[in-house]
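In what follows, a structure is listed as structure tokens, so that the remarks can point back to it.
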Amino acid sequence: MSFNLGASGRPAAEMNVTPLIDVLLVLLIIFMIITPMDPHGLFTDVPQQKGKDLQPDALIVLQLKQEKNGVPSLSINQRALLWNQLAACLLDVYKSRADRVLFVKGDPDVEFDYVAQVIDTAHGVNIRRIGLIP
């Protein structure tokens with residue numbers, strides 16, 4: 001057993017920091033190896049602005065408005081449509097469009113089941129990029 005002697009010749013309490021430095025260096029090496037493996041963050045689609053004005057007719061917004069009978073009404077860019085016409089209308093709208101992006105906007109009172117039905121119908125007509133508008 002050994003004691004560290006202080007300046008006065010009596011035993012002094014000093015902490016041995018060598019194991020702490022060893023652990024610190026090992027952690028530093030681990031983080032240096034792991035960090036370059038995932039250089040990418042999350043991929044998002046940011047709305048692009050052409051010139052100074054956005055073209056409002058370029059966006060397709062499908063809106064669900066809550067009705068008193070419980071089933072929400074549908075409209076695409078402020079044009080009303082029925083639930084059984086949704087797939088045909090989406091096919092008609094997107095047949096000549098290169099960008100197949102749909103934005104879905106629902107009232108806060110609309111149940112998510114109806115939003116899920118809209119998304120499922122959109123996927124059924126090959127619309128893969130769907131944005132939700134709060």
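The values are calculated or read from the model by the stated rules, or taken from the named source; none is laboratory data. Nothing here was measured: the structure is a model prediction, and the numbers come from that model. As a convention, Cβ positions derive from the backbone with ideal geometry for all residues, glycine included, and neighbour counts pool all protein chains shown.
Looking at Arg128, Arg100, Arg79, which is the one that is of a type outside the set (A, V, I, L, M) and touching a helix residue (DSSP H, G or I) at 6+ places or on another chain (Cβ under 6 Å)?
One residue alone meets the criteria, Arg100.
What's the total number of residues in the range 72-105 that are part of a loop (DSSP other than H, G, I, E, B) and modelled with pLDDT of 90 or more?
Residues that pass the stated criteria total 2.
Would you check which residues across the range 60-74 are surrounded by 15 or more Cβ atoms within 10 Å (Cβ to Cβ) and without any contact (Cβ under 8 Å) to a residue 40 or more places away in the chain and list them?
Ser73
Would you check if there is a residue in the range 106-114 being hydrophobic (A, V, I, L, M, F, W, C), farther than 10 Å from Leu64 by Cα and assigned to a helix (DSSP H, G or I)?
There is at least one residue in the range 106-114 that is hydrophobic (A, V, I, L, M, F, W, C), farther than 10 Å from Leu64 by Cα and assigned to a helix (DSSP H, G or I).
Please verify whether Gln49 is modelled with pLDDT under 70 and of a type in the set (S, T, N, Q), treating the condition exactly as stated.
So Gln49 fits the description; yes.
Could you please give the count of residues in the range 89-122 that are over 17 Å from Leu59 (Cα atoms) and loosely packed, with under 12 Cβ neighbours inside 10 Å?
Total meeting the criteria: 6.
Look at the range 80-127 and say how many of its residues are more than 22 Å from the chain's Cα centre (by Cα) and in contact (Cβ under 8 Å) with a residue 40 or more places away in the chain.
1
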